[in-house]
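Accompanying notes for the structure given below.
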Amino acid sequence: MHRRPLLGLFVALGLAVSASACKKKDEAGGSSSGSGSGAASGDIVIGHYASMTGNTAHFGQDTDKAARLAAEQINEAGGVLGRKLKIVTLDTRGDGADAANAVTRLIDVEKSTAILGEVASSLSLQGGPIAQRRKIPMVSPSSTNPKVTQIGDYVFRVCYIDPFQGKVMAQFARTTLKLEKVAILKDVKNDYSKGLAEAFQKAFTALGGTIAVEQSYSAGDTDFSAQVTAIKGSAAQGIWVPGYYSEVASIARTAQRLGLKVPLLGGDGWDAPQLFTIAGDALNGSYFSNHFAPDQASPKAQKFVADFTAKYGQAPTGLGALGYDGVLVIADAIKRAGSAEPAKLRDALAATKALEAVTGTLTMDKERNPEKSVVVLKIEGGKAKYETLVQP
Ligand code: PHE
């Protein structure tokens, strides 16, 4: 009897939170613009949609800090075509509907010349179709699911894609770790997780390995004991967990508590300091793939790590590195286009070639994906250490 009004209250609260989450955060000290996307004067607005709060807040926050650092450095060096870059950020809270609304607003209200975002593939798949329809170029810094750039010719990314990432980790599991039987534990609400589970399975079985058992969860779950128990009974020698850091860390703790001692293996979605604070030592001896290893960095990457750390008092993760590169790619394309007009910018983005960036040298292929190498990291003593690098 009391349920309905209470539910109504929660829904109302949810909407209030969502509306306030949409508050924008402007580049500090940026001069006013409002001249419209593609305008020839005033600030050039890059609209960033990102999970600044919620379960994946590290994704949005690290990306946003780095994007702002890139814009600041470009502006200090004179800007682009004599104009300043201005980053306007809207929070998606990790939610699909908020992601779509954010992109609409970044185009209609903030008059963005280009869109940076999202990190999560499922959210890029919500926001991307809007950018495509409105013909405003979108650059995802870190969405790795192949479907993202398949949305259309206005959607780009600056990271590798999951068929490659999954294959690298399957090879690593089969050939380097010599595992024969691996369990899979994936997030069925997450396009990234589903795609990466499939990519791993395909490559691992092609190398003669077997999938011992397949289990699943949904983002936001907190109890993983049933899945871990099923995996323990399967004699798996490792677990492929292509998820995001909050759930992965809980899964690792559950495995430790239930006495399952096999290594966990995962992808870039593990990349957050919270992985280690939540998991404690439960992930020691586990491995994950990433976009960037600070301890193996090029001079350009080392400068980025030093500048980011000086500005924010903490080291960036791979997300930051890709967020920085996302802004570099957009700025480089505007320069080459000689214009911030979206159609010209799109063509210049598609022609991106041998751009020296933090995560590597970027050349866009015909599908608007760059060829990038995958870094494999080993977790030891609550830290991720460079293990190996695999070229495409
Ligand atoms: N690649 C993930 C996705 O597509 C996002 C991600 C990238 C998460 C890099 C962490 C680090 O959903």
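Read the figures in this text as sums done on the coordinates, not as results from a lab. Bear in mind that the values here come from a model prediction, so they are computed numbers and not experimental data. Heads up, the Cβs are rebuilt from the backbone with ideal geometry, glycines too, and the neighbour counts pull from every protein chain shown.
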Using DSSP, restrict attention to beta bridges with both residues in the chain and report what percent are antiparallel, rounded to the nearest 5. 40
Nothing charged except the Cβ atoms of Lys and Arg (+1) and of Asp and Glu (-1): what's the magnitude of the dipole of the chain about its Cα centre? Round to the nearest 20 debye. 280
What is the spin-label model distance, in nm, from Gln132 to Asn55 if the labels are put 7 Å beyond Cα along the C-beta direction? 2.6
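Please compute the net charge surrounding Ala206, taking Lys and Arg as +1 and Asp and Glu as -1 over other residues with Cβ under 10 Å from its Cβ.
Details: positive: Lys167, Arg174, Lys202; negative: none.
Charge balance near Ala206 sits at +3.
Note down the relative contact order for the chain as a percent, whole number, built from C-alpha pairs under 8 angstrom at least six residues apart. Please list the in-between numbers first.
Details: 872 pairs, mean separation 63.4, N = 392.
It rounds to 16 percent for the chain.
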Can you give the relative contact order of segment 35-107 as a percent, counting alpha carbon pairs under 8 Å and 6+ residues apart? 41
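I need the trypsin sites (Lys or Arg not before Pro) found in segment 225-263, filtered to DSSP loop residues with at most 16 other beta carbons within 10 Å of theirs. Numbers along the way, then the final one.
Values: sites: Lys232, Arg253, Arg257, Lys261; in loops: Lys261.
Qualifying residues, ordered by number: Lys261.
What Kirkwood hydrodynamic radius, in Å, does the chain give when the mean of 1/r is taken over all pairs of distinct Cα atoms and then inverted?
Numbers: mean 1/r = 0.0470 Å⁻¹.
Computed over the chain, the radius equals 21.3 Å.
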CD proxy at 222 nm, helix term only [per DSSP H run n ≥ 4: -39500 (n - 2.57); per residue of the chain; nearest 500]: -13500 deg cm²/dmol
According to a simple spin-label model (label point 7 Å from Cα along Cα-to-Cβ), what is the distance in nm between Lys303 and Glu367? 3.3
Which pairs, out of Lys167/Lys303; Lys65/Lys167; Lys147/Lys186; Lys311/Lys344; Lys147/Lys303; Lys261/Lys385, put more than 28 Å between their alpha-carbon atoms? Lys167/Lys303; Lys65/Lys167; Lys311/Lys344; Lys147/Lys303
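Can you work out the FRET efficiency for the pair Ala206 and Ala97, with r the C-beta to C-beta distance and R0 = 41 Å, to the nearest 0.05?
Details: r = 38 Å, r/R0 = 0.93.
The formula returns an efficiency of 0.60 here.
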5 Å is the cut-off here: which amide hydrogens, built 1.01 Å from N in the peptide plane, fall below it relative to Ser216, excluding neighbours closer than 5 in sequence? Lys186
How big is the gap, in Å, between the Cα center of segment 296-327 and the Cα center of segment 342-390? 14
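Treating only the Cβ atoms of Lys and Arg (+1) and Asp and Glu (-1) as charged, compute the dipole magnitude of segment 137-211 about its Cα centre; round to the nearest 20 debye. The partial results should precede the final answer.
Working: 10 positive and 6 negative charges, 46 e Å.
For this selection, approximately 220 debye.
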Give, as ranges by residue number, the residues of segment 118-135 whose backbone N falls under 19 Å from the point 7 Å along Cα→Cβ of Thr104. 118, 123-135
Fully extended, how many nm does the chain gain between Glu380 and Thr277 (0.36 nm per residue separation, minus their Cα-Cα distance)? 35.8 nm
Positive-pole candidate from Gln314, Ile74, Ser286, dipole of the chain, charges at beta carbon: Ser286
The simple spin-label model distance between Ala310 and Asp221, using points 7 Å out along Cα→Cβ, in nm, is 4.6
